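Here's the structure we're looking at; comments come further down.
Each value in this text was obtained by applying a stated rule to the coordinates, not by laboratory testing. The structure presented is a predicted model; accordingly, all values stated were derived computationally and were not measured. A quick note on method: Cβ atoms are made from the backbone with ideal geometry, for glycine too, and the neighbour counts reach across all protein chains shown.
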Amino acid sequence: LAKTTQPISMDSYEGQEVNITCSHNNIATNDYITWYQQFPSQGPRFIIQGYKTKVTNEVASLFIPADRKSSTLSLPRVSLSDTAVYYCLVGDNGAGSYQLTFGKGTKLSVIP
Amino acid sequence: DTAVSQTPKYLVTQMGNDKSIKCEQNLGHDTMYWYKQDSKKFLKIMFSYNNKELIINETVPNRFSPKSPDKAHLNLHINSLELGDSAVYFCASSQSGTGSYEQYFGPGTRLTVT
């Protein structure tokens, strides 16, 4: 079955860099890798998107190796307000059919 | 102005009832989606519509039917509600592009079936 996997949870102290990795072995050839942030009782919010190598915006960086079977979201110098659940989203060609698939989310807890 | 709005925010109903959730986006996007988020916070796509055509239809029960009167609206109608339908339902929209899924989500509708 198609699978997108990411760690269930991570803890970090304020001011540290946090890296969250998502594996997506069956990513569709033309699809981007997209990451979202979700706070309790809110809808997911777009953070960053990339196709290959490295993408950086004012919020995060996204590292994608050449084979595109994984991606790493990097949050520089996290603060308490970064405590949230982070999801990766890819188009997945596993099991012979195309599916738009979210990872199960990584709950990031930032500690003072 | 809210980019993607959903109504109602909360919906409590009994098993067997029929209910609808409305979604509207004012971003000018051409694609809209419905997602279900269960108690474990897993997000699963249910439907997407592009220019009034269904382009992804996951293996959801046929009690669920999306209806799009125009490209700014995608409503979700649910027949014969079951306990397992209790979840948070999110609407989202995006502008179609090859492989790009920068989506904008609504605030969610928490459905509770008793």
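For the reader, a short list of remarks on this structure follows.
- Total charge dipole magnitude, region A:1-111, about the Cα centre, Cβ charges on Lys, Arg, Asp, Glu only, Debye to nearest 20: 220 debye
- If a spin label sat at a point 7 angstrom from the Cα of A:Phe39 along the line to its beta carbon, the backbone N atoms of region B:76-114 nearer than 14 Å would be those of B:107.
- Neighbouring partner chain Cβ atoms per residue of B:100-110, average, 10 Å criterion: 5
- Kirkwood hydrodynamic radius over Cα pairs of region A:4-49, then Stokes diffusion coefficient at 4 °C and 1.567 mPa s, in µm²/s: 100 µm²/s
- Estimated D of the protein assembly as shown in µm² per second, where Rh is the Kirkwood radius over Cα pairs and Stokes-Einstein applies at 10 °C, 1.306 mPa s: 88 µm²/s
- A Förster radius of 35 Å combined with the Cβ-Cβ distance from A:Tyr13 to B:Glu102 puts the calculated FRET efficiency at roughly 0.70.
- Highest GNM mean-square fluctuation among B:Gly28, B:Gly99, B:Gly16, for chain B modelled with Cα contacts below 10 Å: B:Gly99.
- Stretchable slack from A:Glu58 to A:Arg77, in nm (0.36 nm times residue separation minus alpha-carbon distance): 5.6 nm
- In chain A, the ratio of gyration radius to Kirkwood radius, Rg to Rh, stands at 0.97 when only Cα atoms are counted.
- Scaled against the 2.2 N^0.38 Å expected of a compact globular protein of N residues, the Cα radius of gyration of region A:47-112 reads 1.26.
- Kirkwood-Stokes translational diffusion coefficient of chain B, alpha-carbon pairs, 20 °C, 1.002 mPa s, µm²/s: 152 µm²/s
- Among the listed pairs A:Lys52/B:Lys22; A:Lys69/B:Lys41; B:Lys19/B:Lys40; A:Lys52/B:Lys41; A:Lys107/B:Lys71; B:Lys41/B:Lys67, those beyond 32 Å (Cα-Cα): A:Lys52/B:Lys22; A:Lys107/B:Lys71
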